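Read the structure below first, then the notes.
The values are calculated or read from the model by the stated rules, or taken from the named source; none is laboratory data. Note that the structure is predicted; figures quoted are calculated from it, not measured. Just so you know, the surface numbers come from the protein's heavy atoms only, side chains and all, with ligands and any DNA or RNA stripped out. Shrake-Rupley method; radii C 1.70, N 1.55, O 1.52, S 1.80 Å.
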Amino acid sequence: MSEQTPTAPHRPGYRLIYRPVITLRNGKKLHAATKGLKAWPIWVRDDESK
């Protein structure tokens with residue numbers, strides 16, 4: 001696997017953050033390291049766009 005940050009198109013009003021663990025709707029936690037990643041990329045709304 002590549003160690004480079006994936007290039008994602010910019011989404012207006014959102015910013016890209018990275019988290020090592022995500023929680024699914026059923027409550028199960030997924031660790032990025034178990035999938036060979038350092039962190040999960042997540043798009044979140046930018047507070048300044050309101």
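Note on Lys29 and Arg15: the extension gain reaches 2.8 nm, defined as 0.36 nm multiplied by sequence separation minus the Cα-Cα distance. Within the full protein context, the accessible area of Arg11 is estimated at about 100 Å² for a probe radius of 1.4 Å.
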